[in-house]
Structure formats: structure tokens, C-alpha cells
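> The structure under discussion is supplied below as C-alpha cells; questions concerning it will follow.
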Amino acid sequence: MNLIKKIQVVYTADTQTGAINFIDQDKQSLAPSVTVSGLSGTAVSHKSVAPTIQFLINQGYKLVTDGTLNATYDKDTKIPQTFKVILTKNAVSQLTTSLIPVDETGHMILSKTTQVTGVPGDLIKETNYPTVPGYTVVPDQKLVVPQAPVGTLVKYKADIQKAVVAFVDQNGQPIITSQVFSGPTRTVLDHSQVATYIQDAINKGYSLVSDSTVNARFDTDSQSVQGFKVVLTPIVQVKTDTDGPKKTDTSETVVPPTDTSQPVVTPQTTAQTAPVTEAGQTVASETAPTQTVDQKNQQPTTDGQETSGGTAVSNHEKTAAPVNQVSAQAVGVKSPQIQNTSTDLPQSNGTNSETTQAVPQLPQTNEQHQTTTIIGMLVLSLAALLGLAPKRKRHAR
């Protein structure tokens, strides 16, 4: 009789290997492949795939298919197994950022800003940086589009500007040599440097009229030289008279007499004036003959007549008495007053019925001439009265 005996054979599973590839829908690799291994027929562990998938999601991708989910190793030990994880780029919204110029200290520069639109993280090209007059872009900043809609600061370095200061007079003529100064864009010009040259001009006899460099700043035009002007004027030397201002003599002119006992006065007014009574009526005056005085006997005579005890003076030696004074005194009315330029004698108030005669005076600087003039006027008046007596007698006859 034949007996059948069963023999149990135990097999051990082979270890299979596989490669997990991360690609997009265009089969472009997105990350390095990950190698995994396991026994034939066992499930592929997802722990080896998850870290790479999360990294790609953070980069803006989303998962389309994961060939490792519920996958098992095959039984072909000769050919490595392949698993695919497919992802696609998310439709990310682009952001617009403003490029803001600032100086090296971070202070904003007053200038127009420009804007750049792109995907967050994209590099901003330097050609997109705004152009700022008087400043130069700091190189190698490697700015990118931000993740949020905020401004992007772009650093600039100030250029060196030049300025010429001219020192001229009010006619534009140079006084001293023009000077060149320099400084960074938009900085204040150092006035202490200019003041040294202004002081030099003042020492040469000039005074400052205007100075355009006060609180002045360098401009932003690096292609031209800036100009400033300092205007000065010569100082005029004024000589002062220590004797004081000269006084103008407004009194009448007195001709020195040849004989000190008989002064001759030249009146200010030569016009004859008809006498007027206090009632306002004009009195017809008769022209009196020329009276002369014998200097020895003090006797008045008319033309061609002899005095008792003396000989009449010839016509060319006679001194004429003013006609208006004789006529006014003869009728007993007021004679026209002569303007008194001296403040020493009061003028008549016009209430006295008797004849009023203003006495001319010299300035107060010569009292001796003033006294002589008064005496001369009194002598002439007396001579006129004495000479009128014979005339009245002839009328009476």
C-alpha cells in the first residue's frame, strides 16, 4: 500500500525597491526622487512621501494624484518599481508693489515712485527701479516681490553737486575771485566758508547788500554747476563840518559908510508905495525933492539951494531919502512895514495911529552893525522932516 506524505515548504518574501517621482502635469520634475523599499506584496509606507509633498504645496503647488496611496510592492525583484506623485502649480494672484526711494540712512527721498507687478517671491529687476535726479541706486540689493501688498524700499546714494559763488558790486562787477563749493545733493551749503570771503570784502571797504547763500541747498542737477551771488557796495566816506551848518543871512545888505558918523543903508525894497490912512484911503503923495545934509552944519537943503552957513552938496554927492518914508510921515499915516528877519525886535500890531516904521536889522552875529543901522535910520528920518518945512511954507504962500 502506497502512503502519501505532505511536505510544507516555507517561502520568504523578497524585498522590493521602488522610486517615487514628483512631477507636474507636463512630466517636469519638481523635486528629487525618493527611494523606498519593502517586502513583496506589502503596502508602500506613505511616511516617506508626505514631507516632500508638503514642501511643494508650500511652493504654490497642489496635489493632483499620489501613486503611493494604497500601493503595494510587486513581486518582480529584477525591475525596480516606480510610483508617481503629480502636482500642479496653483493659480497664484499677482501682487503689485510700490518701489519707494530712500537714502542710505533710510529717510525717504522726495521723488516719484514706480510700481512692479509679479508673483510673490519673484526677483525685481534693477531696470524697474525708479530714476531719482541727483542720486544713484545702491547696487546688488536683490529685491523680490513681497508676499503681501506693501511697499518695497530701494536705497540710493546722494551725488556730489558743485556750486559757484560770485562776489560782485551792485553793477555786477566782481570784487573778489568767485569760489567753488561742493556737497551732497539737497544738503545745506556751509555758509561759514562763504563768510570768510565776505569778511575779506568788508575789510577792503565794502558793505554787504544781499547774500543768496544763506540757508541755500545744493540742487539735484548733477550735469550743471549751481550759481549763487553775494552783492556788496562800497562804503562812502562822509566828511562832517565841526563848525556846524552855515547860516543864511536874510537881512538887508548894509554898505559900509565912508564916514562912520553918516552910515548909508541900502533898503531891501525899492518900489515906491502910496501911503494909506487908517481908514483905508489912499493919500496922493507928492514927490519930495531930493534932500541932502551938510555934514558940517547938519542942515538939509534942496537941489541947487544953499544952506545958511554952508554950501549945498553937489548932486552926485547927495544921499536920497526914501520917498515913501517922507510921504507917509508928512501926512501922518502908517507907512508900509519892512519885513523884519530878526527875532529880537517885535513887529507893530497895527493899532497905533502914529507912523510905524520897522527897523531893519543885521543878524545877531554883529551887534555893532545893528546899532549903527538904527542910528542911521533915525538921522535920515529927522533930515526928511526938516527938509519938508520949507516946502510947506511955499505952499502956504
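The values are calculated or read from the model by the stated rules, or taken from the named source; none is laboratory data. If you're wondering where the values come from, they're calculated on a predicted model, not measured in any experiment. Reconstructed Cβ throughout: ideal geometry from the backbone, glycine too, with neighbour counts over all protein chains shown.
> As an exercise: evaluate I86 against (1) part of a loop (DSSP other than H, G, I, E, B); (2) touching a strand residue (DSSP E or B) at 6+ places or on another chain (Cβ under 7 Å) and give the number of the one condition it does not meet.
Here I86 meets the rest and fails (1).
> Right, here's the next one. In the range 12-30, is there at least one residue being acidic (D, E) and without any contact (Cβ under 8 Å) to a residue 60 or more places away in the chain?
Within the range 12-30, one or more residues are acidic (D, E) and without any contact (Cβ under 8 Å) to a residue 60 or more places away in the chain.
> Only one residue in D140, D76 is surrounded by fewer than 15 Cβ atoms within 10 Å (Cβ to Cβ) and within 30 Å of T17 (Cβ to Cβ). Which one?
Just one listed residue meets the conditions, D76.
> Do the conditions hold for K6, that is, is it assigned to a loop (DSSP other than H, G, I, E, B), free of Cβ contacts under 8 Å to residues at least 12 places away in the same chain, not assigned by TED's automatic domain parsing to the domain that holds I124 and not aliphatic (A, V, I, L, M)?
yes
> Any idea which of Q199, Q237, Q170 is in contact (Cβ under 8 Å) with a residue 40 or more places away in the chain, polar (S, T, N, Q) and over 28 Å from T136 (Cα atoms)?
Q170
> What tally of residues in the range 145-167 results from selecting those that are buried (at least 17 other Cβ atoms within 10 Å of the Cβ) and under 28 Å from the mean Cα position of the chain (by Cα)?
Looking only at that region, the number is 5.
> Follow-up question, since we're still on this one. Quick test of your reading of the structure: T117 fulfils all but one of (1) within 30 Å of S93 (Cα to Cα); (2) part of a loop (DSSP other than H, G, I, E, B). Name the failing condition by number.
(2)
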